[in-house]
Structures are given as C-alpha cells and as structure tokens.
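Worksheet for the structure shown next.
The values are calculated or read from the model by the stated rules, or taken from the named source; none is laboratory data. What you see is a predicted model, and the numbers here were worked out from it, not measured in a lab. Heads up, the Cβs are rebuilt from the backbone with ideal geometry, glycines too, and the neighbour counts pull from every protein chain shown. The area values use the complete protein model at the heavy-atom level, side chains included, leaving out ligands, DNA and RNA. Shrake-Rupley method; radii C 1.70, N 1.55, O 1.52, S 1.80 Å.
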Amino acid sequence: MSDFSEELIESKTEDDQEESYVFSGTGMSFPWLQNHIGTIATGGKKEKDFAQTTSACLSFIQEALLKHQWQQAAEYMHSYLQILEDSDSHKRQAAPEIIWKLGSEILFYHPKSNMETFNTFADRMKNIGVMNYLKISLQHALYLVHHGMLEDANRNLSHAETWRYGEKSSSQEVLINLIQAYKGLLQYYTWSKKKLELSTLDEDDYAYNAASQSMLNHSCKTSVNLGALIQTPGVWDPFVKSYVEMLEFYGDRDGAREVLTNYAYDEKFPSNPNAHVYLYNFLKREKAPREKLISVLKILYQIVPSHKLMLEFHSLLRKSEKEDHRKLGLEVLFGVLDFAGCTKNITAWKYLAKYLRQILMGNHLAWVQEEWNSRKNWWPDFHFSSFWAKNDWKEDKTLACEKALVAGILLGKGCRYFRFISKQDDEVLRKKIKRIKKSVENHSIVNPGL
C-alpha cells in the first residue's frame, strides 16, 4: 500500500516527466500502458494514443470500483494520474476533481489504507486546481467526522472558510457558506452535549452557570455559521433543525417561526416535504389553531400523500366544522391506501372503516362514490383478492377484519375478501365478525342482491 500511497499522493516534477514507468502497488507492471504513457513527451501523433489510454484506464477503474476490487482499482489509478499532463486543457482542468473522487473512494475502502494516507492525499489534492480546494476540504472534513475526529474536522473547516482567491472567491460563496454551516453543525453537536450536561446539574450550582454560559457562547457561534446558509435557496434540513432547536431553547419562538415559515413557503427554495413537517411540528408544540395546522398539512398532502402525518391530517379534517374539510378527510384516507407501502397500515384501515360508516350515516354517499369510482377497477385486486384475504387472516386477523368491513361496504356481500373473512369461525373474533356483517348490510353502497 505504501507504493500506491506515494504514487497517488506525490505530484511529478518536470524532470520526472521525461521517464514514466507504470507499476502497481504490488509490483505488477502494465507494459501496454507504459508504452502509451511514455510517448506523451513527444506529443503530436502520440496524443491520440494517450487520450485512448487514459479513457480506457478510467473505464477500468470505474468497473473495479463497481465490483469493489479496491486493489485492482489502485493499480489502474497509478496510470490514470498521467491525465494531469493531458495536452487538452479542458481535460486537464477537470482531472483533479476526478482523481480526488476516485482516489478518495479507493482509499476509503482499501484494506491497507489508513488515516494518515487519506489525510496526506487530501491535503495534496486541495492544492491541485484552485477551484477544488473548498470542495475537497469539505469532503475531507466529513471523512474525519465519520471517523470521530471532530476536532480535526473543525480545524480543517476553519482553514477552509478563510480561503480566498481573487475574483474566484465570489463564485465560491455558496461553498464557503456550506463550509461555515458544517462548522456550525459541529458546534451544535458540542452545544447539544453541554445541554445534556446542563440537565443533570442543580441550577444553584456554580457548574450550572458555567455550563450555561459555555452553551450560550457556542450557540452564538453556531447561529452565525448557520444563518447565512439557510437564507440561500436549497435543502438544508439538518442545519435548519439545529438552528431552530437553539432558537427555541433560548425562547426566540418568533425567530424560529420565521425561519421555518421561510423555509417552507419561500418560492426560491425547492419543494421540500420536510420543511412542512418541521413547521407543522413547531406549530403543534405552540398549540396553534386547527385551521393553521390543516393549512400546513394540506401542502404536505399535495407533495407526499402517503406521508405518516396524513393520518393526523385526517383526524384534524374529520373534527373540522367545514364540510369541504370533512370531504377532504375521506380523500386523504383513500390516498394513503393507494400506496403499496401502506396496504398493511391497520390504523389507516380502522380510520377508513369508521369514517365510511360515519359519512354514509350522514347522507354523503356521493363523497364515497366519487372516491370509489376512480379505484373500483384496481382496488379489488390490489387490496381485496382471495389471496390477500387468506394472507391477512393468517398474519393479522385484526387487520383482516377492518379490511373486510371496508371491502363489504365498497363491494357488497359478494366480495371475495368479505366472504372469506365472514366465514371464519374464530372464538375471539366471532362477535366482531357478526358486527361487520351487520354493518355491511346497513351501509354497503352496493345493492344487497348483487
């Protein structure tokens, strides 16, 4: 691995370029690659061969990575480093980022790699190509975080955030903000630990005041680092959550509400269901009016109709005095159960069974028919086949009973699912099955004779 590390890390001097040898980290040579690469000094007619060689080498590296053949990828990587000498300026400028991505992947997984090797490689790659410094610094810091080296990661980010390179600095503003935000996230982690420590101390204790002041200092630094990023359009979930938690902890609920509202509703930001989830949970903690909660979840419903909060959304709509809300409550339940991942959600089936009876008793048959008409051609096989009846009864009898009631109401007594469940003789569920039969007789939207 030492040969590979040196080859991957060391950049060539001009004297070295006159004589190129291609050896692997295990001493394996590639003569055919050596012949091609050795011609780059002559240029001209040999350039085409060089381009073909580096292109082939890249393909071999990618294939080795896909197959997790880390040693083989490392061997090919020795040869691919020659791309830094390509006569094509566009390829030469793009090369450092490609080498970093490939090399870091290999070093991350190679069984003989170590922290020192990765750090040295990262430090060398940061200085090959001006525009790569910040990006590589950030990824290097994340690597350090992954290995629990938080102080080193923080130091790495501190160096990176001071980077400036003339006019190019302005084009890297978003990356600088991102680096500062990740630094803020590390500070938030420290703040969270101190917050946990604070909860174990007596408020009258001197240590409590010291810990509280330390937390405040960290929160100020974190706020500065996170604030710039979350004003930039993008998806910044972990940063927003951290920032809002600190604002709430120090009693700035108006500030927290403003951050979350902008994150959810600012048109410059991409559509993000989590933004609406965070706002809803915040408003719920504030005990906001039902209408406000409904307005937030209504947007979430339009983005992710199968979200787990949709059952809460249904409950809010069901309790509303507005008829259009109660009608939407039925649509939401059908919408949840349209998705394969929700087919065994017993709570959704319980809600639907109960709500169907409630709606039909309230003389809103048209609501049910409107939802059912768009599903009657595929729901019977999707939910109510003989296979599912047997499978559900075997795995979860309570689920099977709820589905049987819904099936009977929507498809009538002739439904295969309802017939199978209603014929089961289970001592524990005998009374429940009897009630299901009676409910179907009273509320089925299908003529009894069919």
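The residues of the range 287-316 that are among the hydroxyl-bearing types (Ser, Thr, Tyr) and under 16 Å from Lys327 (Cβ atoms), listed by number, are Tyr301, Ser315.
Return the residue satisfying two criteria in turn: it lies in the range 318-344 and is in contact (Cβ under 8 Å) with a residue 24 or more places away in the chain and not in a helix (DSSP H, G or I), and of such residues it is farthest from Leu300 (Cα to Cα). Within the range 318-344, the match that is farthest from Leu300 (Cα to Cα) is Lys344.
Report yes if some residue within the range 411-428 is closer than 18 Å to Leu330 by Cβ, among the hydrophobic types (A, V, I, L, M, F, W, C) and modelled with pLDDT of 95 or more; otherwise report no. The answer is yes, given that some residue of the range 411-428 is closer than 18 Å to Leu330 by Cβ, among the hydrophobic types (A, V, I, L, M, F, W, C) and modelled with pLDDT of 95 or more.
Each row is one residue, and each column tells you yes or no for (1) open to solvent by 70 Å² or more (accessible area, probe 1.4 Å); (2) within 25 Å of Leu157 (Cβ to Cβ).
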| site | (1), (2) |
| --- | --- |
| Ser59 | no, no |
| Ala64 | no, no |
| Glu85 | no, no |
| Lys91 | yes, no |
| Leu142 | yes, yes |
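Going by the conditions given, is Tyr355 aromatic (Phe, Trp, Tyr) and open to solvent by 40 Å² or more (accessible area, probe 1.4 Å)? It is false that Tyr355 is aromatic (Phe, Trp, Tyr) and open to solvent by 40 Å² or more (accessible area, probe 1.4 Å). Please determine whether any residue of the range 144-160 is surrounded by fewer than 19 Cβ atoms within 10 Å (Cβ to Cβ), modelled with pLDDT under 85 and either within 22 Å of Tyr263 (Cβ to Cβ) or not polar (S, T, N, Q) (or both). Checked against the condition, which is being surrounded by fewer than 19 Cβ atoms within 10 Å (Cβ to Cβ), modelled with pLDDT under 85 and either within 22 Å of Tyr263 (Cβ to Cβ) or not polar (S, T, N, Q) (or both), the range 144-160 yields no hits at all.
A search for C-beta distances below 6 Å between a residue of the range 105-134 that is more than 25 Å from Gln72 (Cα to Cα) and any residue that is among the basic types (Lys, Arg) and buried (at least 16 other Cβ atoms within 10 Å of the Cβ), counting only pairs 6+ apart in sequence or on different chains, returns Tyr133/Lys126. Only one of the listed residues (Glu245, Glu267, Glu197) is out of contact with any helix residue (DSSP H, G or I) (no Cβ under 9 Å at 6 or more places or on another chain) and acidic (Asp, Glu). That residue is Glu267.
Apart from one condition, Ala256 fits all of (1) surrounded by 21 or more Cβ atoms within 10 Å (Cβ to Cβ); (2) among the hydrophobic types (A, V, I, L, M, F, W, C); (3) not in a helix (DSSP H, G or I); the exception is (3).
Scanning the range 289-304 for residues that are open to solvent by 40 Å² or more (accessible area, probe 1.4 Å) and in a helix (DSSP H, G or I) yields a total of 8.
Across the range 305-314, which residue is nearest to Ser295 (Cα to Cα) among those that are part of a helix (DSSP H, G or I) and open to solvent by less than 20 Å² (accessible area, probe 1.4 Å)? Selected residue: Phe313.
For Tyr208, the criteria (1) among the hydroxyl-bearing types (Ser, Thr, Tyr); (2) modelled with pLDDT of 80 or more; (3) open to solvent by 40 Å² or more (accessible area, probe 1.4 Å) hold in every case but one, which is (2). Selection over the range 105-134 of residues that are buried (at least 21 other Cβ atoms within 10 Å of the Cβ) and either out of contact with any Phe, Trp or Tyr (no Cβ under 8 Å at 6 or more places or on another chain) or farther than 26 Å from Leu185 by Cβ (or both) gives a count of 2.
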